[in-house]
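The values are calculated or read from the model by the stated rules, or taken from the named source; none is laboratory data. Please read all numbers here as calculations on a predicted model, not as lab measurements. Because the Cβ atoms are built from the backbone with ideal geometry, glycine has one as well, and the counts that use them run over all protein chains shown. What goes into the accessible areas is simple: the full protein's heavy atoms, side chains included, and nothing from ligands, DNA or RNA. Shrake-Rupley method; radii C 1.70, N 1.55, O 1.52, S 1.80 Å.
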Amino acid sequence: MRQLKIFQTCPLESQKIKTCSVNMTSQKNAVVLFKKSEEKPVAYEMSGEVSRDSLVRFIRTFEMDLVTEYNRETSGKIFTALVTSHILLFTNKTADDFRELHGEFQSAAVEFRGKVLFVFVDTDETRNGRIFEVFHVREVDTPAVRIINLTDNVQYQMQADEVTAHNLRTFCWTYLDGKAKPKLDSEPIPENWDKGPVKELVGMNFERVVFNEDRNVFIMFYAPWSAACKKLLSVWEQLGKAFEDHASVVIGKIDSTANDVHTVLLERHPAFTFFPATSFQRIVTYTGERTLEAFVQFVENQVELAKEEKAKEDEEKRKQAIEESEGKEKEEL
């Protein structure tokens, strides 16, 4: 009767819990949790000594849906869950592929119940704006998958292009094994970041390099796990060598999955942005062909345009200086 007494003292606070019962046989004890949201009961077989803590953990774990949608009603329960590792799927609920994505997400969730809490966030819901800001997720980034550990608020980004059950399982196990790469505001600046033909930028030195009046800077924003990015990295290296001896041109790259760059709104990876050598922080997005010849032609054209724009800026500054000087002379008279 000891197990029954333990069970009777467990707090059942959730409104989603309908009834609970203990089934005792000569071979084993079983706890069955019945929920309003599920037609079939979820069975949990106790192994070893039954304790109050193990029963509470079981109830708190299985009162949550396999995949919980984030909203005002569920947010409190999500953030106070005993499972502090959460994986979030950001996607539009009205998207054509939503059923498929949600199905893949739910399929992966079965394996990690009690280890990782699976949460879906509807990007079409305006009231979810705050959570988008926390994870730096925009509509153009979706579908996106992140893991967050609520004990230290460290975020991780799934290193895959497609949201599949296989990729989700790999991501979760990589995280649980302590091998996932945290998503940071900036990686450390590499020791020889500016020695090669392609400069390796990170969040900490990005703006200092790209917003330079004396340098035209062309940057590739890449994801190291992206097949399209991997394919283009060799082309980008050739582009760097093509302009290696050009005093006013810098070719660079930045892993935008590990470095948050808030001054640039990116499309999906890879993305290419040109920063002209002008006084104003102007940005030119490249949308042409992804070939060495096309990249070279684009840079050469932009360099010429930047020269013309810089000449106009210098002329404006000269005129302004003359006007200010004449104004001072009049005041002195």
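Couple of notes before you dig in:
- Residues satisfying the stated conditions in segment 128-151, i.e. at pLDDT 85 or above and open to solvent by 20 Å² or more (accessible area, probe 1.4 Å): Pro143, Asn149, Leu150, Thr151
- Residue in segment 194-208 that is in contact with a Ser or Thr (Cβ under 9 Å, 6 or more places away or on another chain) and either over 30 Å from Trp236 (Cα atoms) or basic (Lys, Arg) (or both) present: no
- Restricting the first member to segment 277-296 and to residues that are open to solvent by 40 Å² or more (accessible area, probe 1.4 Å), and the second to residues that are aromatic (Phe, Trp, Tyr) and assigned to a loop (DSSP other than H, G, I, E, B), the beta-carbon pairs closer than 8 Å and six or more apart or on different chains are Gln281/Phe211.
- Scope segment 163-204; condition in a helix (DSSP H, G or I) and touching a helix residue (DSSP H, G or I) at 6+ places or on another chain (Cβ under 6 Å); matching residues: Ala165, Leu168, Arg169, Cys172
- Qualifying residue in segment 116-124 (condition: farther than 30 Å from Val56 by Cβ and without any contact (Cβ under 8 Å) to a residue 24 or more places away in the chain): no
- Residue in segment 167-181 that is farthest from Gly103 (Cα to Cα), counting only those that are open to solvent by 50 Å² or more (accessible area, probe 1.4 Å) and touching a residue at least 40 places away in the same chain (Cβ under 8 Å): Lys181
- Inter-residue pairs, beta-carbon under 6 Å, first within 17 Å of Tyr175 (Cβ to Cβ) and in segment 97-115, second part of a loop (DSSP other than H, G, I, E, B), 6+ apart: Ala109/Leu66
- Annotation note: Cβ proximity below 6 Å between a residue of segment 309-320 that is under 17 Å from Phe275 (Cα atoms) and a residue that is open to solvent by less than 70 Å² (accessible area, probe 1.4 Å) (sequence gap 6+ or interchain) occurs for Glu309/Thr278; Lys310/Thr278; Glu313/Ser279.
- Top-ranked residue of segment 227-276 - restricted to ones that are polar (S, T, N, Q) and in contact with a helix residue (DSSP H, G or I) (Cβ under 9 Å, 6 or more places away or on another chain), ranked as surrounded by the fewest Cβ atoms within 10 Å (Cβ to Cβ): Thr263
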